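Colleague: Have a look at the structure that comes next, please.
Quick note: the coordinates plus some simple rules give every number you see, no bench work behind them. These numbers come from a predicted model, not from an experiment. Methodologically, a virtual Cβ is constructed for each residue, glycine included, from the backbone with ideal geometry; neighbour enumeration extends over all protein chains shown.
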Ligand code: ADP
Ligand code: MG
């Protein structure tokens, strides 16, 4: 016999519903950083400055020199399911990193959000600040074309998320990893990361991925990267870089797959890559690898998970096979002693 009293069904107040829905999109500080950088890149930014304080819980700020948001549209940008990126209703034609219109409203639901944006060269833009999804500041603000988004007091109104966030150092490690991945996916953008007032990462925006890789992971890599491809498979263009067999990693953290400009983890492809280089490298070692796949948007499903990390390539098998072959050819040129893993 259940004696629980029952309350009538009610529709949740919008701010509360938004806070609950935000959970999927904004799980940790790093989610905010990722979404804001993706927005900057979608806006065509050539410069993206990222700033983090207190592991992202105190402050996250992303500034860009992209197309900006016209003042009359700024309030709309912070509303759920509002996007300028989905033209028509064709989810198969997504050419941008974002498309759901959920990041900014989700952030606004779990933090204090300030947006300053200008979409022309008048020097004046608009500033909006939202607390708990409600606009509390709305004023003109000086600003060259582009957008600055500042997120403060993240998760202060979601105790469980706040408790789940790790120490600032752990959050910073994740943030730094994500900035690197995005910088690698967008080598044309000059990206900087400042952590607690200290600049920790910087790319030049040269457009060259090998240069970006060296800027992000250190000069020792210079001269130790070999080109993969380019080849054409199933309508996709595939290129990339793989490190010399003696430059290996203890973990798979340096396997970067970039599909149509998006740093992604296509599972099947990762498994094939792993199988291809395993016999060519010492046991338990992994290469530093970048694989760049450019294909038609309708060949990629990015709408699998809110994080948009998991993507599915329609021709994943054919592509995986060709990439495996490519890796074997490039790494296979090494002398046997370097190439063969000791067998136990
Ligand atoms: P999505 O990226 O899925 O469209 P967001 O909530 O991230 O959804 O952003 C909503 C809209 O706000 C975007 O579609 C875009 O028009 C605008 N926007 C957000 N960030 C920027 C930015 N940095 N520069 C220009 N426009 C932006
Ligand atoms: Mg977005």
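Colleague: Using the count of nearby Cβ atoms within 10 Å as a rough guide to exposure, how do 191, 115 rank from fewest to most?
Modeller: With the sparsest Cβ surroundings first, the list reads 115, 191.
Colleague: I've got another one for you. What does the C-alpha gyration tensor say about the overall shape of segment 68-160? Classify as rounded when a/c is under 1.5, otherwise prolate if a/b is larger than b/c, or oblate.
Modeller: It comes out oblate by the Cα gyration axes.
Colleague: Next up: Within 10 Å of each residue's Cβ, count the other Cβ atoms and sort 19, 224 from fewest upward.
Modeller: Placing the least packed residue first, the sequence is 224, 19.
Colleague: Against the longest principal axis of the chain, how steep is helix 267-277, in degrees 0 to 90 to the nearest 10, with axes from Cα atoms?
Modeller: Helix 267-277 and the main axis of the chain meet at about 30 degrees.
Colleague: What do you get for the angle between helix 316-331 and the principal long axis of the chain? Use alpha-carbon atoms, 0 to 90 degrees, nearest ten.
Modeller: The helix 316-331 is inclined about 50 degrees to the chain.
Colleague: At a threshold of 8 angstrom on Cα-Cα distance, excluding pairs fewer than six apart, so keeping six or more, what relative contact order does segment 14-202 reach in percent?
Modeller: 28
Colleague: From the square roots a ≥ b ≥ c of the eigenvalues of the alpha-carbon gyration tensor of segment 227-271, which class results: rounded (a/c under 1.5), prolate (a/b over b/c), or oblate?
Modeller: Judged from the Cα gyration tensor, segment 227-271 comes out oblate (a/c at least 1.5, b/c at or above a/b).
Colleague: I want to check the label-to-label distance for residue 274 and residue 196. Put each point 7 Å from Cα in the C-beta direction and report it in nm to one decimal.
Modeller: It works out to 3.5 nm between the two label points.
Colleague: How big is the gap, in Å, between the Cα center of segment 226-241 and the Cα center of segment 91-154?
Modeller: 37
Colleague: For 175, 258, 124, what's the fewest-to-most ordering of other Cβ within 10 Å of each Cβ?
Modeller: 124, 258, 175
Colleague: Would you mind giving the three semi-axes, in whole Å and largest first, of the ellipsoid equivalent to the chain according to its Cα gyration tensor?
Modeller: The answer is 38, 24, 20 Å, longest axis first.
Colleague: I've got another one for you. Relative to the compact-globule scaling 2.2 N^0.38 Å, provide the ratio for the alpha-carbon radius of gyration of segment 223-334.
Modeller: 1.02
Colleague: Mind pulling the angle between the C-alpha long axis of helix 14-25 and the longest principal axis of the chain? Nearest 10 degrees, somewhere in 0 to 90.
Modeller: For 14-25 against the chain, the angle is about 10 degrees.
Colleague: Further question: Compute the distribution of all C-alpha to C-alpha distances in segment 14-202, in bins of 5 Å from 0, and list the percent of pairs in each, rounded to whole numbers.
Modeller: The calculated distribution, bin by bin, is 1, 8, 17, 21, 21, 18, 10, 3, 0.
Colleague: Another question, then. What shape does segment 11-104 have by the C-alpha gyration tensor, where a ≥ b ≥ c are the square roots of the eigenvalues, rounded means a/c under 1.5, and otherwise prolate means a/b greater than b/c and oblate the rest?
Modeller: Oblate.
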